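The values are calculated or read from the model by the stated rules, or taken from the named source; none is laboratory data. None of the values given here were measured: they were computed from a predicted structure. Cβ placement follows ideal geometry from the backbone for every residue including glycine, while neighbour counts extend to all protein chains displayed. Heavy atoms of the whole protein, side chains included, go into the accessibility calculation; ligands, DNA and RNA do not. Shrake-Rupley method; radii C 1.70, N 1.55, O 1.52, S 1.80 Å.
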Amino acid sequence: MKKSILALASGAFALGAAEFVMMGVLPKAAADTAVSIPTAGHYVSAYAIGVCFGALILIFGRRIKPRNLIIAFMVITIVGNLMAALAPNFGILLTARFISGLPHGAFFGTATIMAKALADPGQEGTAVSQMVVGQTVANMVGVPFGTWLGSAMSWRLAFGFLALWAAMTIVLVLSFVPQIDAIKDAGMAGQFVFLKSAKPWYVIMAVFLGNTGIFCWWSYVSPWLQKVGGWSEPVVPLLMTLAGFGMVVGGLIGGRMTDKFVPGAVAGFGQLISVLAMIFIFLDPGSQPTSALLTFVCAFGMFFISSPQQLLMVQLGEGGGEMLAGALVQIAFNAGNSAGSILGGMALEATSMDYHASALTGVPFTLVAAALLFVFYGLYERRKVRNIGGLED
């Protein structure tokens with residue numbers, strides 16, 4: 001991996017861990033702020049809502065050079081995570097989670113453009129997956145470490161650690177990431193022109209619905225592993241490491257397949273993996289081996305689709321809307337996270353905390369997401385000319 005991509009991956013690590021560590025420490029954070037687990041699910045939603053609002057940073061920062069934007073995003077990450085570490089109650093922690101989410105989508109939109117520009121010819125999908133792998137390594141190492149901190153000492157230390165990591169990322173970016181020119185300035189309105197086509201909407205809706213389905217269950221993975229899988233609380237960090245390994249493997253394989261095939265079809269295949277995992281989660285009566293395996297498979301599918309969807313949207317936004325297009329993937333991803341955590345919480349409350357019900361609730365959403373991506377493939381990618389960039393009308 002190039003040092004420049006590694007520096008970007010470090011930022012992805014900070015944001016990925018900030019997003020997902022709350023799932024690992026959710027029971028502790030809920031108890032410390034005196035709310036129920038379904039109510040604490042709003043800590044997940046607040047981050048996701050922050051991601052959606054954070055896209056405004058790109059709309060008004062389109063003339064700023066990408067490296068400078070990356071540094072600004074890390075500063076916001078420091079502020080949000082320090083605030084979370086010190087939050088005394090539900091309201092402050094909810095606000096901190098919102099602030100922490102603000103740079104997320106904007107970062108990945110900008111970092112995708114930079115990774116694509118810094119990649120060797122024909123390796124754009126791999127370069128993007130290497131940048132995104134920082135987010136997946138966060139789930140393999142950072143989230144379990146944060147979960148362990150929450151269990152052994154205090155969940156607050158996890159967010160303090162992430163603030164320090166974001167500060168280190170600023171140093172890495174200044175040291176290794178070259179300045180590249182800002183994207184073509186198409187004006188305020190020009191950034192949105194690509195959205196007049198139906199193409200990006202297939203992808204945006206697939207990302208939103210797919211993650212709505214997955215996060216109906218994934219938002220509550222920690223208590224699910226304990227209540228259904230039968231694992232003790234101290235073992236949960238190890239299982240989150242297994243999940244993170246699935247994300248790393250899925251992300252890297254998805255990136256390589258994107259370079260060899262068309263991204264829409266690759267993403268559709270990844271969504272089908274998630275559909276099958278969710279169905280088996282619903283049907284599984286509960287055991288330690290099956291719960292561990294299904295956690296790995298679902299995590300694999302979740303990030304298998306990341307690189308193809310991210311790269312596909314950037315391609316569709318070419319002409320001035322690239323960074324916004326890349327950010328919209330993360331907005332849809334996190335809007336789905338928010339909707340999924342709320343729907344999953346409602347399913348738990350309606351079924352007296354039956355964690356099988358949250359998985360079943362998510363299946364229809366993820367299935368429709370897979371269908372949308374395969375329709376996109378049939379309409380736009382099947383006739384794609386090999387070795388020529390762009391998609392046919």
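Determine which member of the set ARG97, ARG67 is open to solvent by 10 Å² or more (accessible area, probe 1.4 Å), in the same structural domain as SER151 (by the TED database), basic (Lys, Arg) and touching a residue at least 24 places away in the same chain (Cβ under 8 Å). Quick ask: steps written out before the conclusion?
Working: ARG97 fails: open to solvent by 10 Å² or more (accessible area, probe 1.4 Å).
Of ARG97, ARG67, the one residue that is open to solvent by 10 Å² or more (accessible area, probe 1.4 Å), in the same structural domain as SER151 (by the TED database), basic (Lys, Arg) and touching a residue at least 24 places away in the same chain (Cβ under 8 Å) is ARG67.
When the stretch 20-54 is filtered for residues that are out of contact with any Ser or Thr (no Cβ under 8 Å at 6 or more places or on another chain) and open to solvent by less than 10 Å² (accessible area, probe 1.4 Å), the ones remaining, listed by number, are PHE20, MET22, ALA29, TYR43, VAL51, GLY54.
Residues in the stretch 140-197 that are of a type in the set (A, V, I, L, M), within 30 Å of ALA30 (Cβ to Cβ) and either at pLDDT below 85 or in contact with a Leu (Cβ under 7 Å, 6 or more places away or on another chain) (or both): MET140, VAL141, VAL143, LEU149, ALA152, MET153, LEU157, ALA158, ALA163.
Looking only at the stretch 321-344, decide whether some residue is surrounded by fewer than 24 Cβ atoms within 10 Å (Cβ to Cβ) and of a type in the set (Gly, Ala, Ser).
Let us first name the residues in the stretch 321-344 that are surrounded by fewer than 24 Cβ atoms within 10 Å (Cβ to Cβ), namely 335, 339, 342-343.
Subsequent filtering for residues that are of a type in the set (Gly, Ala, Ser) retains 335, 339.
The answer is yes, given that some residue of the stretch 321-344 is surrounded by fewer than 24 Cβ atoms within 10 Å (Cβ to Cβ) and of a type in the set (Gly, Ala, Ser).
Checking the structure you have, find out if any residue of the stretch 26-40 is farther than 28 Å from GLN130 by Cβ and under 20 Å from the mean Cα position of the chain (by Cα). Looking through the stretch 26-40, at least one residue is farther than 28 Å from GLN130 by Cβ and under 20 Å from the mean Cα position of the chain (by Cα).
Sub-8 Å Cβ pairs linking a first residue in the stretch 286-297 that is outside the structural domain of MET140 (by the TED database) to a second residue that is β-branched (Val, Ile, Thr) and part of a helix (DSSP H, G or I), at least 6 apart or interchain, are LEU294/ILE281; THR295/VAL221; VAL297/ILE273, ordered by first then second residue. Here PHE60 clears all of (1) in contact with a Gly (Cβ under 9 Å, 6 or more places away or on another chain); (2) open to solvent by 60 Å² or more (accessible area, probe 1.4 Å) except the condition numbered (1).
Residues considered: ILE388, ILE331, ILE342. Of these, the only one that is farther than 27 Å from CYS52 by Cα, modelled with pLDDT under 90 and β-branched (Val, Ile, Thr) is ILE388. Report yes if some residue within the stretch 76-89 is within 19 Å of the chain's Cα centre (by Cα), of a type outside the set (Ser, Thr, Tyr) and surrounded by fewer than 24 Cβ atoms within 10 Å (Cβ to Cβ); otherwise report no. Yes.
Of the residues LEU195, LEU164, LEU225, the single one that is in the same structural domain as GLY24 (by the TED database) and more than 18 Å from the chain's Cα centre (by Cα) is LEU164. Condition (residue is farther than 21 Å from HIS42 by Cβ, of a type outside the set (Lys, Arg) and not in a helix (DSSP H, G or I)) applied to the stretch 361-378: is it met by at least one residue? Within the stretch 361-378 (the criterion being farther than 21 Å from HIS42 by Cβ, of a type outside the set (Lys, Arg) and not in a helix (DSSP H, G or I)), the answer is no, since none of the residues qualifies.
Restricted to the stretch 209-284, the set of helices (runs of 4 or more DSSP H) holding at least 2 residues that are open to solvent by 60 Å² or more (accessible area, probe 1.4 Å) and in contact with a helix residue (DSSP H, G or I) (Cβ under 7 Å, 6 or more places away or on another chain) comprises 236-260, 263-283. Filtered by the rule that a residue be among the aromatic types (Phe, Trp, Tyr) and touching a Leu at 6+ places or on another chain (Cβ under 8 Å), the stretch 53-72 gives a lone residue, PHE53.
Filtering the stretch 155-183 to residues that are over 11 Å from MET114 (Cβ atoms), β-branched (Val, Ile, Thr) and surrounded by fewer than 20 Cβ atoms within 10 Å (Cβ to Cβ) leaves only VAL171. Taking every residue in the stretch 111-125 that is closer than 21 Å to LEU172 by Cβ and pairing it with any residue that is open to solvent by 20 Å² or more (accessible area, probe 1.4 Å), at least 6 positions away or on another chain, the pairs with Cβ-Cβ distances below 6 Å are ILE113/GLU322; LYS116/GLU124; ALA117/ILE180.
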